[in-house]
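In what follows, a single structure is set out as structure tokens and then discussed.
The values are calculated or read from the model by the stated rules, or taken from the named source; none is laboratory data. Owing to the predicted nature of the structure, the values given are computational and were not obtained by experimental measurement. Positions of Cβ are generated from backbone atoms using ideal geometry, with glycine treated the same way; all protein chains shown enter the neighbour counts. Note: accessible area is taken over every heavy atom of the protein model, side chains too, but ligands, DNA and RNA are not part of it. Shrake-Rupley method; radii C 1.70, N 1.55, O 1.52, S 1.80 Å.
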Amino acid sequence: TNLVETSNADFPSGDPRMYQLDVTLRRGQNLAARDRGGTSDPYVKFKLGGKEVFRSKTIHKNLNPVWEEKACILIDNPREPLYIKVFDYDFGLQDDFIGSAFLDLTSLELNRQTDVTLSLKDSHYPDHDLGSILLSVLLTPREEQREVTMLMRKSWKRSSKVTFSMWTGNLWHRIYSPSSCVLMTLFCVSSNQNHETFQTQSLRLSDLHRKSQLWRGIVSITLIEGRELKAMDANGLSDPYVKFRLGHQKYKSKIMPKTLNPQWREQFDFHLYEERGGIIDITVWDKDAGKRDDFIGRCQVDLSNLSKEHTHKLEMPLEEGEGCLVLLVTLTASAAVTISDLSLNSLEDQKEREEILKRYSLMAMFHNMKDVGFLQVKVIRAEALMAADVTGKDSFGKSDPFCVVELNNDRLLTHTVYKNLNPEWNKVFTFNIKDIHSVLEVTVYDEDRDRSADFLGKVAIPLLSIQNGEQKAYVLKNKQLTGPTKGVIYLEIDVIFNAVKASIRTLMPKEQKYIEEENRLSKQLLVRNFIRTKRCIMVLINAAYYISSCFDWDSPPRSLAAFLLFLFVVWNFELYMIPLALLLLLAWNYFLIISGKDNRQHDTVVEDMLEDEEEEDDRDDKDSEKKGFMNRLYAIQEVCVSVQNILDEVASFGERIKNTFNWTVPFLSCLAIVALFVFTIILYFIPLRYIVLVWGINKFTKKLRNPYVIDNNELLDFLSRVPSDVQLMQYHELKQDPSHSPSKRKKNNPG
């Protein structure tokens, strides 16, 4: 490794100062080929003190890659070198090592930009020329003391399930895990510090913690279409899809089969954390079943060049490929998301409370249709949590719990309470509600210094099931939300929303979550989905058998009644009778419920299958390394996962229809009654030909009136809000242990 010239900068061993290292990864030169085609797919990692602090994007099929990526790294010990490692990305396999180098920070001159060329080496092949990496580095001192910054030193383990974001403007570094997006703050203190010291340091960082989480705006992207993309398949076509990345946030579009001019019409929202904007990385891929997807091209959107509160139409030519993408990009101001202490919250202030109620009153039903409601969550305390720390003299039998509050893609966190199984957070979080059918997820984690945070428990609460102003103890569940785990968490939640806006939003597409676990092949999940689909199909088969028995006069009274009903309906049939019949079915089920003859049964079959699946997940986690060969059987797994997902979709569709008529979610059943009533009136008074004529004119002229409109099916969007039987089991509130009886207090209901 070649180092830069020795400077006059002095770094004494007892230096209390912190330093900031701004690194620009420029390019690579003459990198070693690791693929059979004589090329590589290189990416770069930076490591400091054994911890990975940066990873670049992958440049495909290039031995002279150009990255031009920037990283901001906090340095507490400049005598520790910065290690640079270069790898060749291999899809589905272990990445190949290309070479490494290190940068001696003590050789850098302070406050001076320096260009550095580092030769890559491999200890196993010391004589091989593996190429070089070009960097621009700037080392500057910071005024923050080492003690404070060490509390916020990042540490994260590389995993295919972990996504990373570094907050360049603050001392905080966010670490996101697959389903939780966990922010970890690591504590470096001597072993003789006592419990009170932990609490003091935790509270001292509370304000900084609060500010680091709040985003400054929303970036809305509509992916319209692709034009003249490169053909990657033997048939002269491609199966393109698009990946978006802004920091830790990632989205993936749907796959458009066999086309070079795909029409996506999909919309995504990103949180904007940086004041000056950011860069959205966009890559286009060709889906290949059974093998590695082909790279079509890439482009970037620099948000700092776009004006806010305005929609920009962008035609982005693809680099390293052919064709272009058409996008609509809109930057808007930040939503009303806040974190405060328990003594300072919006609904306690009478003036603010009246303003919120006025904002979501019926008089404001047509103002800002995306702002459906207001959610306030008080995270008070937890009791009897699981002890996650089993090593260490001072921390044995304890945990360092913190709480993650999630509403769709909005995630906020409490501070960490160290060495405590009964933590008190006393924090208030507020969110804007975009969809009243969203589910609030509250997860408790144990902070760990040297590895990812340990899961302690979780609850999922549908917004429509919340009782306003009631402090309640929720029994924590496992990761799959199928059974209890140790501990309870005390929450007080208030929901205020506009019913008209919520009803209209129900008929629009659901917001996608940008961090979700990828589907994997599971024997129990496959069997569960097959059984659920079979149960839905059996309903139709049993109905057919019932009708057949009427034809066969197995029961003369029943057959006679069916025959008379058939003659009456056929002779007097009008189209409006179809929604009228569905309306009567809803009314009949509602009558059964209020009369105490509820025919909805607790689904023990689904619950048992979910428990079996959880056991299998535990076995899979323990044996994941031993079963690495199975992950390479990509083609077989993809087919099985597709079948598994199709069965889940079919079963969920049937269960959602059933749950609509069973009044599982009264708000949705009432909305269905209103819609069916309107359809009945329309079909009764207006001839069918006129209705079809209006429908056809609307369909044919929709794209002429708005070329970039996103197509949607209102019926399917409505059903997507109705929970399936599996979701009902996950949202089901567990009964609390008698030893934990919460003190409930009622307040005035805000409406």
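Quick look at the values:
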| quantity | calculated |
| --- | --- |
| Total formal charge among the other residues, if their Cβ is under 13 angstrom from that of E322, Lys/Arg +1 and Asp/Glu -1 | -2 |
| Inter-centroid distance (Cα atoms) of the stretch 641-668 relative to the stretch 537-552, Å | 22 Å |
| Protein accessible area in the stretch 18-142, 1.4 Å probe - carbon and sulfur % | 44 percent |
| Sparse-neighbourhood loop sites, trypsin sites (Lys or Arg not before Pro) in the stretch 531-568 - DSSP loop, at most 15 other Cβ within 10 angstrom | none |
| Within the accessible area of the stretch 217-331 (1.4 Å probe), percent carbon and sulfur | 48 percent |
| Dipole magnitude (debye, nearest 20) for the stretch 18-142, charges at Cβ of Lys, Arg, Asp, Glu | 280 debye |
| In nm, spacing of pseudo-spin labels at D95 and F563 (7 Å Cα→C-beta vector) | 7.6 nm |
| Accessible surface, the stretch 18-142, averaged per residue in Å² (probe 1.4 Å) | 44 Å² |
| Over 20 Å (Cα to Cα) - which of K419/K735; K472/K597; K419/K479; K370/K510; K57/K479 fall in this group | K419/K735; K472/K597; K419/K479; K57/K479 |
| Accessible solvent surface per residue of the stretch 341-506, calculated while the other protein chains remain in place, 1.4 angstrom probe, Å² | 37 Å² |
| Under the Debye formula (equal points on every Cα, no solvent term), log10 I(q)/I(0) of the stretch 18-142 at q = 0.10, 0.12 Å⁻¹ | -0.30, -0.43 |
| Kirkwood hydrodynamic radius (C-alpha pairs) into Stokes-Einstein, the stretch 217-331, 10 °C and 1.306 mPa s, D in µm²/s | 110 µm²/s |
| Apportionment of accessible area to carbon and sulfur, the stretch 417-483, percent (1.4 Å) | 38 percent |
